[in-house]
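Peer 1: Below you'll find the structure I mean.
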Amino acid sequence: MVGNPDFLTGKGQDQGPELQELETPEGELYLRFFVTDAEEFALPATGIRRIIEQPPDRITPVPNVSPLLLGTLNEQGRVIWVADLGQFLGYPSQLNTDRPEIPVIAVEEQGTMLGLAVNQIVGTDWMDVEELQLSRSTPDTAAPFLKGEWLMEKDSDRVLRLLDHVAVLRSARWAA
């Protein structure tokens, strides 16, 4: 088979016009998600420890902590604090917990892990860091936690904001 000249040139009866070349992705891999129905964010895949989807009753409320924290979650024997990312970033509405499962993105930095409860996870995408722009219409409460944004469509104002998970983890807002 390897000695067959058609094998080496890629010609032969097994190849059809529908065969496509694999494209090498450009940029870095990011997880895309919605904090509110309209506000889309991204996190670098390298900063994400795991993605957890749990029923709301699996998140145990803890009294006398920051109102930004929904409670704790036991994931494979490890206790993870879960925060309402939308409220943390200053959006007025609370996360809708009246549903079968809540998506939680567990981020970690130097041994500190935090679960960020979000509205919806979109999936992963390769994004070019070179195209990252300064945030234009970001609420002041969210600005310290953003690295920039990508313009998603040329003729619209739809943007994808890049969240700085290290700044979120180190924030003094958790003590409030």
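Peer 1: What are the semi-axes of the equivalent ellipsoid of region 118-174, taken as the square roots of 5 times the eigenvalues of the Cα gyration tensor, listed largest first and rounded to whole Å?
Peer 2: Values: eigenvalues 89, 39, 27 Å².
In descending order, the three semi-axes are 21, 14, 12 Å.
Peer 1: Translational diffusion coefficient, Stokes-Einstein: compute it for region 24-175 using the Kirkwood radius over C-alpha pairs as Rh, at 4 °C and 1.567 mPa s, and state it as an integer in µm² s⁻¹. Write out the running numbers ahead of the final one.
Peer 2: Details: Rh = 15.9 Å.
Calculated translational D: 81 µm²/s.
Every number here is computed from the coordinates shown, using simple stated rules; none is lab data. All of these numbers come straight from a predicted model, not from anything done at the bench.
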